[in-house]
Protein chains: 2
Amino acid sequence: MHELRKDILIGRWVVVMTDHSKDPSYYFTDRRKPAPRIEPCPLCLQGNGLGTKEILAVKNPDDPNASVAVRVLANKDPLLQVDGDLSRRGVGMYDAMNGIGANEVIVESVEHNIEPEEIGNGHMAVLLDTYRQRLADLQKDTRFRYLLLFKNHGRAAGSAYDHPHSQIVATPITPKTVREELNGARTYFKFKERCIFCDILSQEMKTGTRIVAENIDFLAFVPFAPRSPFEIWILPRRHQHNYTDLKPEQTGSLASILTACLMKLKLILKDPPYNLVLHNSPNKLPRVDHWQTLEDDFHWHIELIPRLFRMDGFEWGSGLHILPTTPEDAAGFLRRA
Amino acid sequence: MHELRKDILIGRWVVVMTDHSKDPSYYFTDRRKPAPRIEPCPLCLQGNGLGTKEILAVKNPDDPNASVAVRVLANKDPLLQVDGDLSRRGVGMYDAMNGIGANEVIVESVEHNIEPEEIGNGHMAVLLDTYRQRLADLQKDTRFRYLLLFKNHGRAAGSAYDHPHSQIVATPITPKTVREELNGARTYFKFKERCIFCDILSQEMKTGTRIVAENIDFLAFVPFAPRSPFEIWILPRRHQHNYTDLKPEQTGSLASILTACLMKLKLILKDPPYNLVLHNSPNKLPRVDHWQTLEDDFHWHIELIPRLFRMDGFEWGSGLHILPTTPEDAAGFLRRA
């Protein structure tokens, strides 16, 4: 008999197919590299192929003779536009506002075919620190309620460029998925007076079977009730509210555990399409905002989600995700890789 | 500048790309029919190729000499199993229970290549009445909190068989997506003392630009802030709580508007993969259940969701969906088809 499991954070149930849990080969599909989407690649050019503003260019301090390692550009066709005001308004019984926000592209490497996890910890640490710098800067704009940092790897995960890159989208609203997580964390904090993520860390350390990798500062594990098989969460071991609080000594630890997790996913699932999403606390606003967290009730983390199949009507209509591989089996495959 | 719009029911914001709204050709991809997934097709056989229990076999009353038009079978590898008990339990700090439920396959037509909307209203009405009969029967089992009726059309929408079919999954929990909708409808009802769906119907009739089709009993429209471009909702015009309250005279009207909407989607988007999901009120339970609705605060409806692209990391991480075509443009294309 299969098992139903509840995500403790947002109350979502998932179906875990415990009866005949599948090994990674179940998910292998045609992963041949498609033809380049755009030639020449706009993220390859030394200058700036997007033709937009260069926001930041960062060298690798380990390699002082090197050219720029990571570059931040304004997006060419931004989803949300920086200039203008929100103009919240009613449309009949409904609500709308202008698409104000920011959309930055972080070019992770000057090389077209090299992902940061393939060229050593130093480069990955530069990338992770670039994330921190850009988030800290964008948090100053009080029009933005949330900064969503994410990476689409592979076409099936929504990637528009073949060149390794990630993105930051600043939104004038707190997105629904974020609100649910904040709400779950806050409800738990009110009830227990403890951070739910700190408690999840203790539980995972105690259980052990869902751990993927660990080091002095971070723990990586497959959650008890994830949305996707082989999903991995990376959390700082000690309570930390916002990614921008990341200390220099933590950056190296994060680079090494993230590199390890990405390499494990690549090896086990044959370079799967995946998304990386930073779940960070919302921006501090000068006025009171319903979704603003305390320092104690939210704990930033990274989610790595391999995109192995499309949702069907059942999952789309119910939000009840189906996991052909149990989280414990998935973690075992990843841990041993 | 693009527009942010809020779904009034569950508070989800979407980005509507008002600046360069795309026409249907933007979504054309390779739609060649793939080779049959399983030979011989288990849903084609006169007997029962699944080898499972036949629950119901319905003839078309318009055609008394015809063989069975619609057949309901137990699913072969059910996601949730009928026999057993729930055994709710704690697993460390988490929650789990047994995968108890029901999973029925509704074979919509004896012909492998003919969808019900292609062979006239009579057959579609038989199918819609079969849905009603099965839902009414399953509602009697007090272990089930919710019955999810859905159809996956096309592989990209999650279809496992090429033969036209739909499914009912009975779940022992109220799924997250359903809970959000019930919660939104109830909050609105408490505030206004009116059904939110009845108010949406009035608003859509007044606005007019999002209407796709209408008849005496039903209205079909593209919602103000949908999750997918070309998404269509079909609602009974007069307040009706549960699909099992569908009256015989309404069945014909529903068959004709659903047939029209499916034909329009096929024509405009070149036979796209889609999901059909019935949003019905939860089962009445003998004991008090937090999610149980009043008769007045929920209004059943059908959602048709063309599956035109995969979510990227931004949508997956934020729940903020992106619509390359405005709902008003989409409705215009569909209305004129």
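Considering only segment A:245-252, I want to know if a residue exists there that is on the phi > 0 side of the Ramachandran plot and surrounded by fewer than 20 Cβ atoms within 10 Å (Cβ to Cβ). No, every residue in segment A:245-252 fails to be on the phi > 0 side of the Ramachandran plot and surrounded by fewer than 20 Cβ atoms within 10 Å (Cβ to Cβ). Within segment A:201-215, the set of residues being among the hydrophobic types (A, V, I, L, M, F, W, C) and surrounded by fewer than 17 Cβ atoms within 10 Å (Cβ to Cβ) comprises just one member, A:M205. Got a number for residues in segment B:149-167 being buried (at least 19 other Cβ atoms within 10 Å of the Cβ), of a type in the set (D, E, K, R) and not in a strand (DSSP E or B)? Looking only at that region, the number is 1.
Just one of (1) more than 11 Å from chain B (Cβ to nearest Cβ); (2) within 15 Å of the chain's Cα centre (by Cα); (3) not aromatic (F, W, Y) fails for A:H279. It is (1). B:P273 falls short on exactly one of the conditions (1) more than 24 Å from B:E181 (Cβ to Cβ); (2) within 14 Å of chain A (Cβ to nearest Cβ), and that condition is (1). Considering only segment B:204-220, state which residues are assigned to a loop (DSSP other than H, G, I, E, B), free of Cβ contacts under 8 Å to residues at least 60 places away in the same chain and among the polar types (S, T, N, Q). Answer for segment B:204-220, where residues must be assigned to a loop (DSSP other than H, G, I, E, B), free of Cβ contacts under 8 Å to residues at least 60 places away in the same chain and among the polar types (S, T, N, Q): just B:N215.
Listed conditions (1) within 28 Å of B:D162 (Cα to Cα); (2) part of a loop (DSSP other than H, G, I, E, B); (3) in contact with a strand residue (DSSP E or B) (Cβ under 6 Å, 6 or more places away or on another chain); (4) of a type outside the set (S, T, Y) are all met by B:P223, apart from (1). Note on segment B:108-136: residues that are of a type in the set (D, E, K, R) and over 19 Å from the mean Cα position of the chain (by Cα) amount to 1.
In this structure, does A:D137 turn out to be without any contact (Cβ under 8 Å) to a residue 24 or more places away in the chain and assigned to a helix (DSSP H, G or I)?
Judged against the criteria, A:D137 is a match.
Of the residues making up segment B:153-167, none is of a type in the set (A, V, I, L, M), within 20 Å of A:G313 (Cβ to Cβ) and at pLDDT 90 or above.
Being over 29 Å from B:K76 (Cα atoms) and either part of a loop (DSSP other than H, G, I, E, B) or at pLDDT 95 or above (or both) is true for just one of B:A185, B:A260. Which residue is that? Outline the logic, then answer.
On the way: B:A185 fails: either part of a loop (DSSP other than H, G, I, E, B) or at pLDDT 95 or above (or both).
Answer to the selection: B:A260.
Among residues of segment B:312-325 being more than 7 Å from every other protein chain (Cβ to nearest Cβ), under 22 Å from the mean Cα position of the chain (by Cα) and not in a strand (DSSP E or B), the one that is surrounded by the most Cβ atoms within 10 Å (Cβ to Cβ) is B:T325. You will find that of B:A136, B:A160, the residue that is more than 26 Å from B:G84 (Cα to Cα) and out of contact with any Asp or Glu (no Cβ under 7 Å at 6 or more places or on another chain) is B:A160 and no other.
Counting only residues that are among the charged types (D, E, K, R) and in a loop (DSSP other than H, G, I, E, B), which one in segment A:1-20 is nearest to the other protein chains (Cβ to nearest Cβ)?
Among those residues, the one meeting the criterion is A:R12.
Does A:E328 fit the bill of being in a helix (DSSP H, G or I), within 30 Å of B:R145 (Cα to Cα) and touching a residue at least 24 places away in the same chain (Cβ under 8 Å)? Considered against the rule, which asks whether it is in a helix (DSSP H, G or I), within 30 Å of B:R145 (Cα to Cα) and touching a residue at least 24 places away in the same chain (Cβ under 8 Å), A:E328 comes out as yes.
Against the conditions (1) surrounded by 20 or more Cβ atoms within 10 Å (Cβ to Cβ); (2) at pLDDT below 90; (3) touching a helix residue (DSSP H, G or I) at 6+ places or on another chain (Cβ under 7 Å), B:H123 satisfies every one except (2). Selection within segment B:1-48: residues that are β-branched (V, I, T) and modelled with pLDDT under 75. The member of this set that is farthest from B:A160 (Cα to Cα) is B:T29.
Taking every residue in segment A:148-165 that is within 14 Å of A:E108 (Cα to Cα) and more than 7 Å from every other protein chain (Cβ to nearest Cβ) and pairing it with any residue that is among the acidic types (D, E) and in a loop (DSSP other than H, G, I, E, B), at least 6 positions away or on another chain, the pairs with Cβ-Cβ distances below 6 Å are A:P164/A:E108; A:P164/A:E115; A:H165/A:E108. Filtering segment A:189-200 to residues that are within 11 Å of chain B (Cβ to nearest Cβ) and surrounded by 20 or more Cβ atoms within 10 Å (Cβ to Cβ) leaves A:I196, A:I200.
Regarding segment A:283-305, can at least one residue be identified that is within 14 Å of chain B (Cβ to nearest Cβ) and at pLDDT below 90? Yes, segment A:283-305 contains a residue that is within 14 Å of chain B (Cβ to nearest Cβ) and at pLDDT below 90. Check segment A:93-110 and report whether any residue there is without any contact (Cβ under 8 Å) to a residue 12 or more places away in the chain, more than 10 Å from every other protein chain (Cβ to nearest Cβ) and more than 24 Å from B:K6 (Cα to Cα). So far as segment A:93-110 goes, no, none of its residues is without any contact (Cβ under 8 Å) to a residue 12 or more places away in the chain, more than 10 Å from every other protein chain (Cβ to nearest Cβ) and more than 24 Å from B:K6 (Cα to Cα). If the condition is being at pLDDT 95 or above and either among the aliphatic types (A, V, I, L, M) or out of contact with any helix residue (DSSP H, G or I) (no Cβ under 7 Å at 6 or more places or on another chain) (or both), then segment A:214-230 contributes A:E214, A:I216, A:L219, A:A220, A:V222.
Of everything listed in (1) within 12 Å of chain A (Cβ to nearest Cβ); (2) aliphatic (A, V, I, L, M); (3) farther than 14 Å from B:N280 by Cα, the single unmet condition for B:I232 is (1).
Out of all the residues in segment B:96-111, is one or more out of contact with any strand residue (DSSP E or B) (no Cβ under 7 Å at 6 or more places or on another chain) and either of a type in the set (F, W, Y) or under 16 Å from A:F314 (Cα atoms) (or both)? No. Search segment B:71-92 for residues being at the interface with chain A (Cβ under 9 Å from one of its Cβ atoms) and aliphatic (A, V, I, L, M), and hand back the single one that is farthest from the chain's Cα centre (by Cα). Checking each candidate, the answer is B:V91.
The values are calculated or read from the model by the stated rules, or taken from the named source; none is laboratory data. These numbers come from a predicted model, not from an experiment. A quick note on method: Cβ atoms are made from the backbone with ideal geometry, for glycine too, and the neighbour counts reach across all protein chains shown.
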